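Heads up: the structure comes next, in structure tokens.
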């Protein structure tokens, strides 16, 4: 048991779940941008698919994020308290980088919670909170680059940059398109 | 209890998901905005109606009690 | 009978005028003149704004009088007051003097010449519904009007006439801004654009409080009903539409202007009051830009009352009668008005902001270029896509006008569709539309 808790297995699990979370979160953000950007709307790719996937992937992000946090906390190789997942600077190990993760997690909880009770909150409040997605996602990516022990690995680095590039590109398309179409 | 659908025309920004999910009752006009075929929702498509209401990004599609206040007076 | 003192000794003996009895050409009726003419404001001496929330007697009086809204909708005023008074908590009274209809001048006349009738009405309404906040709303462009109203309000403040202070507010001079939900939103700090209902203003209005919104003419009538009673009010008009009303008569008449008529007066008689036609008429636009075109001979005997006008496909609206001579082209006039209405959308609802311009373009084409045989069909396709699909009645007004034009002028429309414009399109425009300077081009 001790070998498990101190060995590399949990560490691999943390890195793997972290990576998958980043990919899923990137996909979720991408689909969110595509929703407001009115992507597709054809019989091959109906619009409800975009928004539906956006929602489902966001929930899946929570699952993998829970695993990511769980494996990190249980791992005895480095002692990181559970509080550090939610509260910045609650851990001494890589304090700044872990704090970014905590911030991203808190924002994600806010995003999902407000979305689940959207009907009761009203559109304006929900929308105002949802803009935080544009903070949550880059903070999460920064957390990956800073706290992640794989940043030296080329393919992980390239993957992260690719995620950043795709979302930046699509977001630019969406906002420039909206600006050109005028306020609506 | 019978339900009816109503569109909040101010909130609606013509995403069109409602028409994709509930083609039995919702059609799109030439500008992409929903036209409701019949205000009351038959029980057979009730699930689809709920999904359509849920999918609207701007919460413009509303499902309400059909015996509510009259429409647009 | 009621518990409010009636100034019976001042009740006018003539049937008419009532609202326009003391109107002077030169200046607004001052407070002293107003009180000499009509008697003092009949608020009970022991008026307690915080104690009595249900002055049943005044609302009963208004209900018995049968007064209906003079802003266009014709909703029973007593019923409206009752629904606001029945709500919990403090309420708000709003007087709508923002006369959006370019063809209507009656509210303007009252505001400039008989402001104290309106201000009395506001105070009485505030008392009746237990309001602690009262607003008078006019278009912000009208600086002179606002100045003269400020003076009138100040005169009353000096004498402590109104228990609830009346706040004068200017709203943007947009057509949709004079709609009641726009005013409520503006007074609550938002843009002067219509809102989605429910909730209606009487449920949740200014800053979320139950709000009574009345046209200024309605409140002026209230001021007199409170003084002379419901029987007096019913002394003119018809049983179903009692009282008097102000109508704006325009177009090809000898003396265009605002006239006070008994409700139920035949349209032809109203035209004669305005000096009769100045040219041979083909039609009359009754009810303003939300009203209907009626062929002249057909319209002549129709009484100006809600039910009678509805029965012929028209509407009382805010009491406008515009006479269209045979030398004019109704389709051209309609096309111009619909273009104006298309520019005046709040840009909130798709079917209106896209549909009205499309409708306007098709009408302009039909009137000025000819339809190549397809214009009528195109219009018939567009109209059902536009009406009743907006948050407010703006698109409905335009479609109502178009429907009635294509009914009343079906033969002309067919002719235009096949042959192109008629000679009438060259005539100087008849239906008034505000000039560019008079219009507000942004929403602040």
Overall Cα dimensions of region C:8-233, principal axis frame, Å, largest first: 47, 38, 33
Kirkwood-type radius of region C:244-325, with distances r between different C-alpha atoms, in Å: 11.8
GNM flexibility winner over chain C from C:131, C:346, C:307 (Cα, springs under 10 Å): C:307
Extension gain (nm, one decimal) between residue C:377 and residue C:438, 0.36 nm per residue minus Cα-Cα: 18.4 nm
For chain C, built as a Gaussian network whose Cα springs stay under 10 Å, the top-fluctuating residue of C:318, C:128, C:158: C:158
Cα long-axis angle, helix C:410-419 against chain C (0 to 90 degrees, to the nearest 10): 40
log₁₀ of I(q)/I(0) at q = 0.25, 0.27, 0.28, 0.34 Å⁻¹ - region A:94-136, Debye sum with one point per alpha carbon: -0.78, -0.86, -0.89, -1.11
Tensor-based shape of chain B (alpha-carbon gyration tensor, a/c under 1.5 rounded, otherwise prolate or oblate): oblate
Compactness of chain C, expressed as Rg and Dmax over alpha-carbon positions, Å: 21.8, 72
Compactness index (Cα Rg / 2.2 N^0.38 Å), chain A: 1.12
Most mobile of C:97, C:190, C:257 in a GNM of chain C (Cα contacts under 10 Å): C:190
Cα-based helix-to-principal-axis angle, A:47-74 vs chain A, degrees rounded to 10: 10
Using alpha-carbon coordinates, inclination of helix C:375-386 to the longest axis of chain C, degrees: 30
Computed over region C:322-379, the ratio Rg/Rh where both radii use C-alpha atoms and Rh is Kirkwood: 1.03
The protein assembly as shown: translational diffusion in µm²/s, Stokes-Einstein, Kirkwood Rh over Cα pairs, 10 °C, 1.306 mPa s: 54
Ascending count of other beta-carbon atoms within 10 Å, so fewest first, for C:112, C:381, C:91: C:381, C:112, C:91
Contact order normalised by residue count of chain A, Cα under 8 Å, 6+ apart, percent: 24
Label-point separation, residue A:74 to residue C:169 (7 Å along Cα→Cβ), nm: 6.0
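Please report the antiparallel percentage of DSSP beta bridges with both residues in region C:8-233, rounded to the nearest 5.
5
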R0 of 60 Å, Cβ-Cβ distance residue A:161-residue C:83: FRET efficiency to nearest 0.05: 0.45
Euclidean distance of C-alpha centroids, region C:217-294 and region B:1-69, integer Å: 43
Bins of 5 Å from zero: percent of alpha-carbon pairs in region C:56-129: 3, 14, 22, 25, 19, 11, 4, 1
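Coordinate-derived values only; no laboratory data. Keep in mind the model is a prediction, meaning the values are calculated, not measured. Methodologically, a virtual Cβ is constructed for each residue, glycine included, from the backbone with ideal geometry; neighbour enumeration extends over all protein chains shown.
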